[in-house]
Structures are given as C-alpha cells and as structure tokens.
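Down below is the structure, laid out as structure tokens.
The values are calculated or read from the model by the stated rules, or taken from the named source; none is laboratory data. Here the structure is a predicted model, which is why all the values come from computation and not from measurement. Counting neighbours? That spans all protein chains shown, and the Cβs are built from the backbone with ideal geometry, glycine included.
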Amino acid sequence: MLSERTKRKLPRRAAGIAAVVLAVWFVPRLVLFFLVCGLIDVMRHKDITPFLLKRYFIGNGILTMLMAPFNLLADLFSYKNKIIYKIEDLPEDYQTEIMEVVEIFKGKKDEIIEGMDKRLADSGRGMLFIKWYDKVLDQSIVDYDMDTKYIKTVAVSAFNKGQKTKLHFGPLRLSLRVLYNLNPIQNDQIYIEANNTKHYWHDDPLFIFDDTVMHESLNNSQDQIRYCLFMDIVRPSDHYEAFNFLISKLSVILNSIKGVFYKNWKTIS
C-alpha cells in the first residue's frame, strides 16, 4: 500500500516526467525547424561563404535567423523580393511619397549638416531620429512632421571620416530600407555594400534594399563626413493593412531593443 504522502507526490512526479518527455521530443524538432528555415533564408544571398554562414547562425545574424520563419511567411504575401531595388521597382504611390520626403530633406540639407556637424564632434557615427515607426521624435535640428502612409521611420545618419559598420543583418522583412545620400561626392571610398554588391553614392544617391541580407556602410575617406537620409517603408504587397498593423505592433518590441542595434551610434539631439 502507498502512503498518503507518496500518493500526494505522484501527480507532481507524473507531471515532471511528462514535461521531460515532451521536451525531449519537442525541443530538437523546434531547433531543427529554425535551422531549416534559417538555411532557406540565408540561401537568398548571392554568394554563400563560410563567413556568411558563421555570421548568420552564430554571429550578429542570430536574431534574423530566429525571425526566419516569420520572414519567409512575409515573403509569401509580398511581391517578389528583388533584394536591391530601383525606385521604379516600387508602386507609383510609394515612389511619389519617397521622393516628396527626399525633396524636403534636400531643401533642408545645409541646416541638417550644420546642426549635426556641431553635435557629432569626434563621435564615429551619429543618428538623428526624427520619426520612429510613426512616432515623432527629435525636431531640434529639422522641423519635419509629414504624415506618410508608407514611410514609417525617418532619420539622418552621419558617418565620420574613416568609419564603417560591421557586416550585419536587419531582423524583419516587413519593411524595406531606403537611403538617400545628402552630400554625395566623387569618392569610391564612400559606399554601401549589400549582398556582395557595392553601391557608390556618387553614382546614385538613392539606395533601396532588403536589409535582412548581410550589408555594411563605409566611409573610408579621410576628409568627408557622409550624411544619409534614412527611411524604413512598409514592404510593397497586396496586404498593406496587415503589414502595417504588424509593423505597428512590433514597433513596441523594436523600440525596446533599439539600443542593441544602435549601441555604437551617438544619438544626436
């Protein structure tokens, strides 16, 4: 006969055993699922190298790898991902909105550069966040509060002389990254590289790309600061409302971890 004490312990022991059995069965399959999705995701790159795989699976691409199932699902409901885009690849209403904002910032270029120059000082990289997922932020250097449908984030990034980012990956494919160089100069040392493709700002000040591919920005000049208008747009699809809704909800999480992505940047205000 079992004692009353033993009887009371049996349900807890059974629950513990069930939890262990479930973990042994479920965890390896979950890990395998993420690895397979990550492998499918990383294969979008032009050149698959050991360095890329290491960076993606055990380097600063881990968050992108963990988001791979979600990103692959987003791919199914979006237009074909060109990875690197020309402005004419986007729908006309996207083009119009982007170029309207570009013209505004081109007109304010001198005051932006002057204001950021003073505050950047000897810092390597600086970011002036003006809008972050529709939330109006810093207006001290440039007065901007245009109501945009597709553009969710507006900022200006500054790279001091001899500065560059590490090769890295953005986390989500619900959006595309749009950059516009405000002060392009004839210098092959100032460029951005995405998916093993170099884009020189003096050739075209506008660059639009899927930032979940490995990329880096470089200013290897010794006498110029590089300024870029920085925007995130809702990824074009037939499901704008759904994508916009998901972005608005995820922006709360992205805001809480913004410091992780920009820890090596000086926030200019």
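A few comments on the model shown:
- Condition check for L52: outside the structural domain of I141 (by TED's automatic domain parsing), among the hydrophobic types (A, V, I, L, M, F, W, C) and closer than 30 Å to K161 by Cα: yes
- Near pairs, Cβ below 6 angstrom, 6+ apart or cross-chain, from region 217-243 (over 22 Å from N183 (Cβ atoms)) to any residue that is among the β-branched types (V, I, T): I233/I151; I233/V178; F243/V234
- Check on Q222, out of contact with any helix residue (DSSP H, G or I) (no Cβ under 9 Å at 6 or more places or on another chain), closer than 26 Å to E88 by Cβ, assigned by TED's automatic domain parsing to the domain that holds P91 and exposed (fewer than 15 other Cβ atoms within 10 Å of the Cβ): no
- Considering the conditions (1) free of Cβ contacts under 8 Å to residues at least 24 places away in the same chain; (2) of a type outside the set (D, E, K, R); (3) in a loop (DSSP other than H, G, I, E, B), S78 is excluded by exactly one of them, (1).
- Search result, residues across region 185-204 that are part of a loop (DSSP other than H, G, I, E, B) and surrounded by 18 or more Cβ atoms within 10 Å (Cβ to Cβ): W201
- Output for region 211-269, where each listed residue is among the β-branched types (V, I, T) and at pLDDT below 95: I225, I247, V252, I253, I257, V260, T267, I268
- Restricting I98, I112, I130 to residues that are crowded, with 18+ Cβ neighbours inside 10 Å and assigned to a strand (DSSP E or B) narrows the list to I130.
- Qualifying residue in region 52-64 (condition: modelled with pLDDT of 95 or more and aliphatic (A, V, I, L, M)): yes
- Answer residue from region 205-233, given it is assigned to a strand (DSSP E or B) and hydroxyl-bearing (S, T, Y) and is nearest to K118 (Cα to Cα) among those: Y227
- Selection status of D75, surrounded by 14 or more Cβ atoms within 10 Å (Cβ to Cβ) and within 19 Å of the chain's Cα centre (by Cα): yes
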